[in-house]
Amino acid sequence: MTEQGVGDEIGEVDEAIERFWRRAVFRAKLNHVPSYFGPTPLEVVRPPAWAFGTTAEEADGFLRDVLDGRTTAIAGSLRDYRADDGIVPETGELGIVVDGRGAPAALVVVSEVLTMPYAEVDPAGTVVEGSGFAPDTAMVVQRLTVLYAA
């Protein structure tokens with residue numbers, strides 16, 4: 001009997017994400033070009049897997065709200081994007097949303113990216129990263145569309 005270490009757990013999570021991705025490619029119809037043309041870039045390059053929140057419970061809640069349609073967007077400070085790596089999300093970017101244990105559950109696409117003052121961000125369907133923003137703080141809002149859910 002062997003002990004399962006952290007490296008083994010990471011490998012299992014990565015394998016689960018890869019299996020999810022292969023299923024999602026077909027279910028979300030990302031491979032719409034016949035195979036005799038070869039794989040498309042969308043099929044070859046697996047998008048990043050991510051969770052939203054600082055705890056497993058927050059990640060599970062976010063995922064549940066995305067799948068139920070209650071959360072349709074994520075907003076973050078433009079200043080924070082510039083400070084992190086300077087890269088602002090773009091329309092068409094894909095992501096695999098995982099639950100609090102790292103299990104893949106939804107393939108999403110950024111369907112729209114908007115920059116607007118915090119005061120104009122719709123609080124009903126948008127989760128905001130951070131807090132304490134002034135009404136005129138420039139925010140980046142990513143609208144998400146679920147392409148496939150496990």
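No value in this document is a laboratory result; all are computed from the given coordinates. Model, not experiment: these values are computed from the prediction. As a convention, Cβ positions derive from the backbone with ideal geometry for all residues, glycine included, and neighbour counts pool all protein chains shown.
Highest mean first, what order results for 81-94, 105-118 on Cβ atoms within 10 Å? Don't skip to the answer; put the middle values down first.
Working: 81-94: 11.5, 105-118: 17.2.
For the peptides 81-94, 105-118, the packing ranking is 105-118, 81-94.
Show me, for the range 133-150, the HN-Hα J-couplings you get by feeding each phi into the Karplus relation (A = 6.51, B = -1.76, C = 1.60, θ = phi - 60°), rounded to Hz, glycine and proline as x.
For the range 133-150, the Karplus curve yields 7, 6, x, 9, 4, 6, 10, 9, 10, 9, 7, 10, 10, 7, 8, 7, 10, 6 Hz.
Please compute the volume of the convex hull spanned by the alpha-carbon atoms of the range 6-149 and report it per residue in Å³.
In the range 6-149, the Cα hull volume divided by residue count equals 126 Å³.
Return the sequence-ordered ³J(HN,Hα) values of the range 105-122 in whole Hz as given by the Karplus equation 6.51 cos²θ - 1.76 cosθ + 1.60 applied to θ = phi - 60°, using x for Gly and Pro.
Computed from phi, the couplings for the range 105-122 are 9, 8, 9, 10, 10, 6, 8, 6, 10, 10, 10, 7, x, 3, 4, 9, 6, 6 Hz.
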